[in-house]
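Only one structure is covered here, and it is reproduced in the block below.
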Amino acid sequence: MSTDTDLSTAIALPASWVRRCDPARGVVVAARPPTVPPSGVSPQITLRVSEPAETDLDTWRERALGELAAGLPGFDLEDDDRVDAGPYPLAYHRFGHGEGGDHVLVEQWAWHVSDPVCLGVTLTCAVARGDYVDYCDLFDAVAASIEPSLLIAPAA
């Protein structure tokens with residue numbers, strides 16, 4: 001993973017959204033809008049890079065979803081798909097979680113990069129279920145802007 005460039009440019013986010021990054025934890029960038037919608041749940045977009053132990057997309061995502069299911073109350077996987085979108089295998093998942101009135105809907109795109117290094121690139125977009133229709137097109141556009149190769153350090 002490159003450390004001498006601003007990797008947050010590898011994602012097209014709304015200019016007004018507040019951004020942060022934490023490379024030590026694998027967060028390329030996390031962003032939220034400057035105001036919270038009436039639902040009280042602030043939408044969030046997070047782009048992460050990790051080094052999964054698994055050497056293939058399906059095994060990696062099976063483990064990751066299992067961990068999410070175990071850790072998120074009310075986890076409900078609504079969509080599980082594989083997408084042919086370029087040179088890197090891509091999985092798409094949509095799931096809900098939460099308790100009471102604070103039910104969150106999450107869309108997650110995950111690319112498995114195995115050359116020149118094994119990396120997992122994950123875009124996670126979360127929003128209150130009631131606000132989803134207002135943000136789903138934005139989430140799709142952000143996902144379409146991701147180019148995993150920009151997150152990989154050039155081979156030496």
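If you go through the stretch 54-89 and pick out every residue that is part of a strand (DSSP E or B) and of a type in the set (Asp, Glu), you end up with 5. Of the listed requirements (1) within 23 Å of residue 26 (Cβ to Cβ); (2) part of a helix (DSSP H, G or I), residue 135 misses just one: (1).
Only residues that are without any contact (Cβ under 8 Å) to a residue 60 or more places away in the chain and assigned to a loop (DSSP other than H, G, I, E, B) were counted in the stretch 21-41, giving 6. Cβ separations smaller than 8 Å between residues 6+ apart or across chains give no pair from the stretch 68-92 residues that are at positive phi to residues that are surrounded by 10 or more Cβ atoms within 10 Å (Cβ to Cβ) and aliphatic (A, V, I, L, M).
Go over the candidates 2, 50 one by one and state the one that is on the phi < 0 side of the Ramachandran plot and modelled with pLDDT under 90. Exactly one residue qualifies, and that residue is 2. Scanning the stretch 93-110 for residues that are in contact (Cβ under 8 Å) with a residue 40 or more places away in the chain, in a strand (DSSP E or B) and not small (Gly, Ala, Ser) yields one hit, 104.
The values are calculated or read from the model by the stated rules, or taken from the named source; none is laboratory data. These figures come from a predicted structure and were not determined experimentally. Reconstructed Cβ throughout: ideal geometry from the backbone, glycine too, with neighbour counts over all protein chains shown.
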